[in-house]
Amino acid sequence: MYYKIGVDVGGTNTDAVLVSHDNNILAKTKQTTTLDVSSGIENAIKQVLLDSNVPKEDIKYLMLGTTHCTNALVERKQLNNIGAIRIGLPASSAIPTMTDFPEDLKLILGRHLYLVHGGYEFDGRLISPLDEGEVKACLFKMKGNIESLAITGIFSKTMPDQELQVAVWAKEVLGDAVRISCSHQVGGLGLLERENAAILNAALQGVALKMVRAFKETVQRLGFSSQLFIGQNDGTLMSLDQAQDFPVLTISSGPTNSIRGAGALSKVANGIVIDVGGTTSDGGVLVNFFPRESTQAAQIGGVLTNFRMPDIVAVGIGGGTIIRFKDNICELGPDSVGYRLKEMAVAFKGDTLTISDFFLANTQLEIHGSIEKTAITEKIELISGLHFSEALALVKNQIQLSIEKLVDKLKTEAKGIPVIACGGGAFLLPKTIEGASNVIFPEHLEVANAFGACIAQISSEDELIVNTLQCNEAQELERLLTKVKSKLLKYGASEDSINILAKESIPLAYLPGAVKLKVKLCGDLVD
């Protein structure tokens with residue numbers, strides 16, 4: 001018998017669950033997210049230990065889902081000083097590096113951008129050879145000025161050797177203190193989006209380092225000897241070492257954990273999950289208990305990238321969403337009081353009208369420390385200029401319309417589909433939604449995100465382009481499968497639990513004989 005603890009750090013709450021080895025929830029908690037984040041994680045872990053009476057030495061695994069990297073990118077804070085080298089001259093000089101970055105982000109990250117000769121055609125033919133002197137001249141210009149380096153080569157997903165060679169030279173010139181992001185390890189096909197992903201990854205490596213240190217220190221301070229993992233975008237786990245190397249892959253792990261957790265709690269394999277937090281409602285599609293992957297280039301912090309991301313649609317409706325009334329018209333958000341609900345909301349003697357105030361006044365919600373229902377009702381009537389029942393009807397109607405639009409965006413067919421509610425703000429979701437066959441409110445829905453982190457498996461994936469005029473497609477696919485499986489076993493998966501999530505062979509119409517091969521596997525952690 002062993003136990004696991006899953007922790008999910010959101011903008012408003014830090015949630016934790018303690019579960020048995022067979023995934024039964026034994027204790028759960030919601031703690032306010034703290035400014036230093038670590039304190040909130042520590043409080044949550046302490047609480048589930050206290051509530052379960054499980055000895056800490058019996059906790060084998062600790063999993064963390066976090067928005068650290070997302071927040072750093074959105075807020076443009078704590079980003080590394082980076083350098084970027086694109087291997088591709090003379091072929092790729094028409095579009096400079098970071099062309100489509102937002103101007104403010106370009107100012108922060110765009111000081112050391114270099115193009116050098118090199119790169120390959122899709123079938124491995126050389127565009128031009130690497131020039132060691134040219135590359136090292138660029139590296140010496142960056143020495144002492146950067147903390148991490150992004151390296152991108154044309155068709156490096158097929159032939160990564162030039163990226164790897166530049167990485168070796170970079171270590172020689174810049175030293176081991178400078179972290180390196182090679183694009184073939186981060187993004188998919190498509191030079192510019194892959195380069196963007198590598199640059200963002202390099203920019204976030206300092207944030208990831210601090211996040212991992214804080215997590216380790218918190219766990220050590222509490223006296224655990226558990227194995228530690230961090231959630232990633234596709235609903236699976238990565239080791240702390242991987243998280244430091246590839247922090248960009250943790251972006252959007254919060255909604256992904258919720259989708260996985262809601263599917264497991266409701267035992268519904270296919271449907272739509274709506275995770276309602278303090279700030280937003282995030283909708284995603286559940287396909288065979290995993291989040292549907294976005295087929296489009298994902299925009300992260302205003303930057304187009306092409307690494308794996310869940311297909312998430314968000315609307316600005318949450319428990320802390322600010323409500324305004326003007327000429328008998330109700331406006332919801334998009335701003336929110338977030339984790340300051342107990343300071344600013346009307347129900348806690350504040351002056352800001354939020355969605356939670358209406359549901360507290362209507363006794364559909366209970367939060368410790370709120371004022372009397374009648375006092376909330378009177379304050380709502382004073383601010384809105386309407387009778388409470390009229391104001392409540394307007395608020396609920398606006399919520400209904402917004403949620404139905406969200407469901408409509410996520411659906412791919414006309415027939416009704418199950419909608420699963422989760423998150424601390426799930427109380428505000430309508431009991432019936434147009435386009436939904438039914439709306440399910442599973443037990444423990446308020447901690448679906450932490451539960452999703454706790455039940456997550458580990459995964460490994462890879463893709464490459466092959467020229468079927470020169471090689472055997474089936475053999476190449478099997479070779480790729482073997483490579484991905486060996487990586488997964490190295491990460492700590494149990495061999496007899498490994499499943500194939502994707503094994504694809506996609507012809508590329510614009511390149512004769514070119515086929516994209518993709519393999520993705522997942523497996524349980526070793527018992």
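The values are calculated or read from the model by the stated rules, or taken from the named source; none is laboratory data. Note that the structure is a prediction, hence the values are computed from the model and not measured. Quick reminder, even Gly has a Cβ in these numbers, built from the backbone with ideal geometry, and neighbours come from all protein chains shown. These accessible areas exclude ligands, DNA and RNA; they are computed on the full protein's heavy atoms, side chains included. Shrake-Rupley method; radii C 1.70, N 1.55, O 1.52, S 1.80 Å.
Observations
- Number of the exception - G385 against (1) under 23 Å from I329 (Cα atoms); (2) surrounded by 14 or more Cβ atoms within 10 Å (Cβ to Cβ): (2)
- Among (1) crowded, with 16+ Cβ neighbours inside 10 Å; (2) at pLDDT 90 or above; (3) within 27 Å of the chain's Cα centre (by Cα), the one test that L107 misses: (1)
- Filter result for V466 (touching a strand residue (DSSP E or B) at 6+ places or on another chain (Cβ under 8 Å) and farther than 22 Å from P418 by Cα): yes
- Some residue of the range 57-75 being within 18 Å of N13 (Cβ to Cβ), charged (D, E, K, R) and at pLDDT 85 or above: no
- The condition of being among the small types (G, A, S), at pLDDT below 95, more than 27 Å from N472 (Cα to Cα) and assigned to a loop (DSSP other than H, G, I, E, B) holds for G144.
- The one condition from (1) buried (at least 21 other Cβ atoms within 10 Å of the Cβ); (2) in contact (Cβ under 8 Å) with a residue 60 or more places away in the chain; (3) closer than 25 Å to G235 by Cα; (4) β-branched (V, I, T) that T14 does not meet is (2).
- Annotation note: Cβ proximity below 8 Å between a residue of the range 79-104 that is closer than 24 Å to R179 by Cα and open to solvent by less than 10 Å² (accessible area, probe 1.4 Å) and a residue that is assigned to a loop (DSSP other than H, G, I, E, B) and among the β-branched types (V, I, T) (sequence gap 6+ or interchain) occurs for I82/I146; G83/I146; A84/T97; R86/T97; I87/I154; G88/I127; G88/I154.
- Out of K487, K431, K503, sole residue that is out of contact with any Lys or Arg (no Cβ under 8 Å at 6 or more places or on another chain), of a type in the set (K, R) and not in a loop (DSSP other than H, G, I, E, B): K487
- Residue check for T32: in contact (Cβ under 8 Å) with a residue 40 or more places away in the chain, within 16 Å of R340 (Cβ to Cβ), hydroxyl-bearing (S, T, Y) and touching a Leu at 6+ places or on another chain (Cβ under 8 Å): no
- Restricting attention to the range 301-341, the residues that are polar (S, T, N, Q), modelled with pLDDT of 80 or more and more than 16 Å from L429 (Cα to Cα) total 2.
- Filtered residues of the range 43-78 (kept if without any contact (Cβ under 8 Å) to a residue 12 or more places away in the chain and over 18 Å from V219 (Cβ atoms)): N53, E75, K77
- Residue match in the range 407-425 (condition: touching a helix residue (DSSP H, G or I) at 6+ places or on another chain (Cβ under 9 Å) and either free of Cβ contacts under 8 Å to residues at least 24 places away in the same chain or charged (D, E, K, R) (or both)): no
- Subset tally (residues that are of a type outside the set (F, W, Y) and more than 19 Å from P90 (Cβ to Cβ)) for the range 125-148: 10
- Looking across the range 494-503 at every residue that is in contact with a helix residue (DSSP H, G or I) (Cβ under 9 Å, 6 or more places away or on another chain) and either of a type in the set (V, I, T) or exposed (fewer than 13 other Cβ atoms within 10 Å of the Cβ) (or both), the one that is farthest from I465 (Cα to Cα) is identified as E495.
- In the range 130-183, the residue that is surrounded by the fewest Cβ atoms within 10 Å (Cβ to Cβ) out of those that are acidic (D, E), within 23 Å of A208 (Cβ to Cβ) and touching a residue at least 12 places away in the same chain (Cβ under 8 Å) is E147.
- Selection count, the range 453-478, where residues are open to solvent by less than 30 Å² (accessible area, probe 1.4 Å) and within 31 Å of the chain's Cα centre (by Cα): 13
- Residues in the range 507-527 that are modelled with pLDDT of 85 or more and surrounded by fewer than 14 Cβ atoms within 10 Å (Cβ to Cβ): P507 only.
- In a residue-by-residue description of the range 46-56, the property of being at pLDDT 90 or above, in contact with a strand residue (DSSP E or B) (Cβ under 9 Å, 6 or more places away or on another chain) and surrounded by 23 or more Cβ atoms within 10 Å (Cβ to Cβ) applies to at least one position.
- The range 110-129, subset open to solvent by 50 Å² or more (accessible area, probe 1.4 Å) and within 35 Å of the chain's Cα centre (by Cα), residue nearest to L517 (Cα to Cα): E121
- Residue ID - nearest to T279 (Cα to Cα), chosen from residues in the range 378-416 that are hydrophobic (A, V, I, L, M, F, W, C) and not in a helix (DSSP H, G or I): L386
- Restricting the range 419-450 to residues that are surrounded by 21 or more Cβ atoms within 10 Å (Cβ to Cβ) and among the β-branched types (V, I, T), the residue that is nearest to Q398 (Cα to Cα): I433
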